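Shown next, in structure tokens, is the structure this report addresses.
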Amino acid sequence: MASQPAYGDQSPRRSQFLTSSFQRGLTHWNHERLAPGFISPDWQKTLERDTRMLRLEGAFLEELRQAVALEARCVPSDPERFVSWFENLKQEGPGQGDALFPWLATQASAAELRWFFTQEAAGEAGFDDLVAMTQVKLPPRAKLELARNYWDEMGRGHAAGMHGPMLDRLIETLGVEPSIDSTVWESLALANAMTAMATSRRYVWQSVGALGVIELTAPGRSAQVAAGLRRIGLGVEDSRYFDLHAVMDVKHSEAWNREALIPLVEEDPRRAVAIAEGALIRLTCGALCFQRYRSELWG
């Protein structure tokens, strides 16, 4: 590319990929291709379509990657120093400290919180599935850490503690109906970027970074969303999904950095740049979401 898109400062709509039509099409395709299915007589046509979509998905992700490449190339390759850089993203990364979340905690109405949650739910890529896809063939120490994280997402074997169904129950309680076609493209782009990194082995290190930075930065936002839900009258069980992540993800982040990031970079220092790219892509996409949410809710 001739130049790097500065998504945080300029209009992202100059990109052919950051549009409602492209992101909705990509989301519908992801939902279809990742759903369990049966053999179809026209599977070859489906494969041809998937090949076209994979090329478009790759171009979309490369545009995101190029936008953060300059910063990512400057990260330390020493494992301990790299993790220090990574952990600093919690304060200095794109979208951190956004005014949206204190507002959700203290001022947003029930209708505004439902709108926010509808957007978030429709764009949810499924952290458990992303971890499961990312861990394939990883080195043992990192693979074990992702397995422990996945087991927590699965409620440690108890259906009532599974995070996905917990989120579904909150959707039902709030009475919202998430829909791809009524979701802002920024939310869809975030989910599509996460899915693209997790499902393609050439972006596996980016996926490790993107998932790790979620664990790093989510707790504060989760606590504020939970506070907002309780303020409008929901009970402790209703806000449990966000309360759980506000606490559990702190420990998850510490373990992810220690047991996944450090050994992966120790084994191959080149991975530091790729991991950093994934983290910055995730944070940049998140920042675009927050900006759009504020525009819709405050505009």
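The values are calculated or read from the model by the stated rules, or taken from the named source; none is laboratory data. Values in this document were obtained by computation on a predicted structure and should not be read as measured data. Positions of Cβ are generated from backbone atoms using ideal geometry, with glycine treated the same way; all protein chains shown enter the neighbour counts. For accessibility, only protein heavy atoms count, side chains too; no ligands or nucleic acids. Shrake-Rupley method; radii C 1.70, N 1.55, O 1.52, S 1.80 Å.
When the alpha carbon coordinates of the chain are projected onto the principal axes, the ranges are 50, 48, 43 Å, largest first.
Each of LYS90 and ARG73 was given a label point 7 Å from its Cα along the Cα-to-Cβ line. The distance between the two points is 3.0 nm. Accessible area per residue for the chain, computed on protein heavy atoms with a 1.4 Å probe, is 48 Å².
Rounded to 0.05, the FRET efficiency of the TRP151 and LEU34 pair, given R0 = 30 Å and the Cβ-Cβ distance, is 0.90. Applied to the range 254-266, the Karplus parametrisation 6.51 cos²θ - 1.76 cosθ + 1.60 on θ = phi - 60° returns per-residue 3J(HN,Hα) values of 4, 5, 4, 5, 6, 9, 10, 5, 4, x, 5, 6, 4 Hz, with x for Gly and Pro. Taking 0.36 nm per residue of sequence separation and removing the Cα-Cα distance, the ASP168/SER182 pair yields an extension gain of 3.2 nm.
The string of couplings for the range 268-285 from the Karplus curve (6.51, -1.76, 1.60, θ = phi - 60°) is 8, x, 4, 5, 4, 5, 5, 4, 5, 4, x, 4, 5, 4, 4, 5, 5, 5 Hz, one whole number per residue in order, with x for Gly and Pro. The separation of the range 84-143 from the range 279-296, counted between C-alpha centres, amounts to 10 Å.
If we count every other residue with Cβ under 14 angstrom of GLY161's Cβ, Lys/Arg +1 and Asp/Glu -1, where does the sum land? For residues surrounding GLY161, the net value is -3. The chymotrypsin sites (Phe, Trp or Tyr not before Pro) of the range 8-95 that meet both conditions, a loop assignment by DSSP and at most 14 other Cβ atoms within 10 Å of the site Cβ, are PHE38. Taking the 1.4 Å solvent-accessible surface of the chain as the whole, the part contributed by carbon and sulfur is 53%. Computed from backbone phi, the HN-Hα couplings of the range 69-81 come to 4, 4, 5, 5, 5, 8, 6, x, 9, 5, x, 5, 5 Hz, rounded to whole numbers (Karplus: 6.51 cos²θ - 1.76 cosθ + 1.60, θ = phi - 60°; Gly and Pro given as x). In units of the compact-protein estimate 2.2 N^0.38 Å, the range 23-118 shows a Cα radius of gyration of 1.64. In straight Cα distance, which lysines are under 26 Å from LYS143, not counting same-chain residues fewer than 8 positions off? Result set, ordered by chain and number: LYS90, LYS251.
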